[in-house]
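Q: First the structure, which I've put down as structure tokens, then a few questions once you've had a look.
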Amino acid sequence: MKAILPLFVFIDACGWEIIKNDPFARAFAPHRKQLSSVFGYSSTCVPSILSGRWPAEHRNWSYFVYDPANSPFKSLRSLRWLPRAITGRRIFRRWLSKFIKVQLNFRGYFDLYNIPFEHITLYDFTEKKSPLQPGGMNRGPNIFDYLQDNDICYHVSAPEKDEHLNLQALVKDVETEQIDFAFLYWPGLDGLLHRVGNQSPEVPAKMRHYETWIENLLAVARQHYAEVRLYIFSDHGMANCTETLDLKSQIEALPLHIPTDYAVVYDSTMARFWFFNNRARWLIADCLKKIPQGRIIPDVELEELHAFFPDRYFGELIYLVREGVLIVPSHMGERPIFGMHGYHPTDPQSYAMLCTNQTAIPYDIEAIPDVYRLMKRDAELAKARNVPDAALNAAPKLQGIATPA
Ligand SMILES: [Zn+2]
């Protein structure tokens, strides 16, 4: 038996509003706190948690950027001749994304979403590495670099496996007592909330399901570790989409052309523009100012959100819609969905959560990047305590390399 297992369970999109009036995990992780999220999607929230740094520091922000010189998608331009009835279909895009991911050796999450093939050579994809691995950040280290550099044996979920398989893989590693740190990643709730919204009875049902899994995991962990330090946390919440905005049609009605005048990425809740002349800049900014469903985020506000990039790599102008509005069609999807995130971090449904069995959550744990400090602190503690002399039965410690699932 070992002394300590820090157990970090990441439930994607399990926002504070989801658990606020729900007894989720009260029985085994009763201490809970609302956490501020980070401006952006999971593509920035997850790296912020894993690195303890903000988007402007780690540069994992939105997936697609205007960067024709470095676009890896040149071979896909010929697909623009295929009928939209085929290239617009999700099933075709998913299949093609899987194929391209292997071809381009992308290690993180990759999806072509709804990027038009006509313009695909204008774009680069910014998550070529997996933030769930050492060396996986666009800039700087993450928790897995820290664990590797300090010879702390760990378990991390493999995103390509389903939730239950990842749970089983962790249980196996717990039973062998090889690990001194565990990071479990469950993305299923995020997918469910996108599909059914945050008021569906399927949501509390999923929470009960997670509770059972965590309780079972805890029971196993307690047989092998004298103390299990459990932290269940999220990256953001989920808002119901009650209004759609066809921003693309309004911009495309302007007397401007891509790519001579401007380039744009239409995300689900924001549009990011690059301008190649002042006329385009004025016309687009003027048009956006007249659209009441959102607003242009000033640079000073982006700086406050730690999401200002002086080189304008992710866009020169960021237009963000208010909570509940969904940009449709966008480069992320052709059709409306029930739930979305990626709104302003101070919008009610954006807030994340932390639940723990530890009696006190430090006062300075306020935003999702702060979870990194808890992970580092507990990993250090486990390393110091999980030496053979400190363990109850003095089981020999298996020194080893990380064991990603
Ligand atoms: Zn999501």
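The values are calculated or read from the model by the stated rules, or taken from the named source; none is laboratory data. Just so it is clear, the model here is predicted, and its values are computed rather than measured. For neighbour counting, all protein chains shown are included, and Cβ atoms are generated from backbone atoms with ideal geometry for every residue, glycine included.
Q: Going by what's in this entry, would C287 be described as within 27 Å of I120 (Cβ to Cβ) and touching a Pro at 6+ places or on another chain (Cβ under 9 Å)?
A: no
Q: A further question follows. Applying the selection to the stretch 45-57, what residues are more than 16 Å from the ligand (Cβ to nearest atom) and touching a helix residue (DSSP H, G or I) at 6+ places or on another chain (Cβ under 7 Å)?
A: Correct list: L50, S51, G52, R53, W54, P55.
Q: Let me ask something additional. Can you find even one residue in the stretch 129-140 that is farther than 25 Å from R377 by Cβ and within 16 Å of the ligand (Cβ to nearest atom)?
A: No: the stretch 129-140 contains no residue that is farther than 25 Å from R377 by Cβ and within 16 Å of the ligand (Cβ to nearest atom).
Q: For F39, work out the one condition from (1) out of contact with any Leu (no Cβ under 7 Å at 6 or more places or on another chain); (2) crowded, with 24+ Cβ neighbours inside 10 Å; (3) within 15 Å of H344 (Cα to Cα) it doesn't fulfil.
A: Condition (1) is where F39 drops out.
Q: Select the helices (runs of 4 or more DSSP H) contained entirely in the stretch 217-335, then report the ones holding at least 3 residues which are over 22 Å from D67 (Cβ atoms) and in contact (Cβ under 8 Å) with a residue 12 or more places away in the chain.
A: 278-289
Q: For the stretch 1-33, give me the residue count where each residue is farther than 13 Å from Y231 by Cα and in a strand (DSSP E or B).
A: The qualifying residues number 3.
Q: Still on this structure, I have one more. Which is of a type in the set (F, W, Y) and without any contact (Cβ under 8 Å) to a residue 60 or more places away in the chain, of W213, W186?
A: After ruling out the rest, the residue left standing is W213.
Quick grid of which residues meet (1) without any contact (Cβ under 8 Å) to a residue 60 or more places away in the chain; (2) more than 24 Å from D67 (Cβ to Cβ):
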| position | (1), (2) |
| --- | --- |
| K101 | yes, no |
| N105 | yes, no |
| I115 | no, no |
| H119 | no, no |
| K128 | yes, no |
| G140 | no, no |
| Y146 | no, yes |
| A158 | no, yes |
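Q: Which condition does E202 not pass, out of (1) without any contact (Cβ under 8 Å) to a residue 60 or more places away in the chain; (2) surrounded by fewer than 18 Cβ atoms within 10 Å (Cβ to Cβ); (3) over 21 Å from the mean Cα position of the chain (by Cα); (4) more than 16 Å from the ligand (Cβ to nearest atom), if it passes all the others?
A: (4)
Q: Here are some residues: R335, R385, R373. Which one is modelled with pLDDT of 95 or more and surrounded by fewer than 16 Cβ atoms within 10 Å (Cβ to Cβ)?
A: R373
Q: Which of the residues that make up the stretch 336-354 are assigned to a strand (DSSP E or B) and either within 13 Å of the ligand (Cβ to nearest atom) or in contact with a Cys (Cβ under 8 Å, 6 or more places away or on another chain) (or both)?
A: Once the filter is applied, which keeps residues that are assigned to a strand (DSSP E or B) and either within 13 Å of the ligand (Cβ to nearest atom) or in contact with a Cys (Cβ under 8 Å, 6 or more places away or on another chain) (or both), the stretch 336-354 yields G339, M340, A352, M353.
Q: Separate question: For the stretch 235-277, which residues satisfy the criterion of being away from the ligand (no atom under 16 Å from the Cβ), under 23 Å from the mean Cα position of the chain (by Cα) and not hydroxyl-bearing (S, T, Y)?
A: V264, V265, A271, R272, F273
Q: Something else about it: So in the stretch 29-44, with the set limited to residues that are in contact with a strand residue (DSSP E or B) (Cβ under 8 Å, 6 or more places away or on another chain) and within 20 Å of E304 (Cβ to Cβ), which one is nearest to the ligand (Cβ to nearest atom)?
A: Filtering the stretch 29-44 for residues that are in contact with a strand residue (DSSP E or B) (Cβ under 8 Å, 6 or more places away or on another chain) and within 20 Å of E304 (Cβ to Cβ), the one nearest to the ligand (Cβ to nearest atom) comes out as S37.
Q: Would you check which residues across the stretch 155-171 are part of a helix (DSSP H, G or I) and not acidic (D, E) and list them?
A: H164, L165, N166, L167, Q168, A169, L170, V171
Q: Can you confirm whether E366 is over 26 Å from P141 (Cα atoms), surrounded by fewer than 22 Cβ atoms within 10 Å (Cβ to Cβ), more than 15 Å from the ligand (Cβ to nearest atom) and acidic (D, E)?
A: no
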